[in-house]
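Q: Before we start, here is the structure in question, set down as structure tokens.
Any read-out appearing in this document is the output of simple, stated calculations on the displayed coordinates, not a laboratory observation. Treat the numbers as computed from the prediction; the structure is a model and nothing was measured. Glycine also receives a Cβ, built like all others from the backbone with ideal geometry; neighbour counts cover every protein chain displayed.
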Amino acid sequence: MSMDRIEQWATTLRTEWPFRLRLRAWPVAITLLFLLCMASGLGVVVTTHMTRVQFAQLQQLEQEENQLQTEWGQLLLEEGAWSTPARIEQIATDRLGMRIPDVHDVEVIRP
């Protein structure tokens, strides 16, 4: 009897094998769910890593911004020091030979 069953199974396998693959639904569903869970977990790990890398870059850029703001403030103070009227008058007198005109050298033009 067992030989008949084996022959019947072999005959069924030969006729149906290329066209019909017999799989039970539960093992396939469980395997598919397992693979989806693994993919989801890998996605969480990758997203967490990318978030940490971008947060580190954000902190570095904020630190650079603070340094540039400090440098900008120092440059504004330096510009204020270099452009005082007394300094400009001194440079005009020393380098360009300019002077403040006398009262007799001033002419008033009226319309």
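Q: Computed from the coordinates I sent, log10 I(q)/I(0) by the Debye sum over Cα atoms at q = 0.11, 0.12, 0.17, 0.21 Å⁻¹ equals one of (1) -0.81, -0.85, -1.04, -1.15; (2) -0.73, -0.81, -1.17, -1.28; (3) -0.33, -0.39, -0.78, -1.15. Tell me the label.
A: Read-out taken from this structure: (1).
Q: So how tilted is helix 25-82 from the main axis of the chain? Cα-based, degrees 0 to 90, rounded to 10.
A: 10
Q: For every helix of n ≥ 4 consecutive DSSP H residues, a contribution of -39,500 (n - 2.57) applies; sum these over the chain, divide by its total residues, and give [θ] at 222 nm rounded to the nearest 500 deg cm²/dmol.
A: Taken over the chain, the calculation gives -27500 deg cm²/dmol.
Q: Counting other C-beta atoms within 10 Å, and keeping those with at most 15, which DSSP coil GluC sites (Glu not before Pro) do you find in region 39-111?
A: Hits after loop and neighbour filter: E107.
Q: Towards the positive end of the charge dipole of the chain, with charges on Cβ (+1 Lys, Arg; -1 Asp, Glu), say which of V106, L58, T48 has the farthest Cα.
A: Ranked along the dipole, the leading option is T48.
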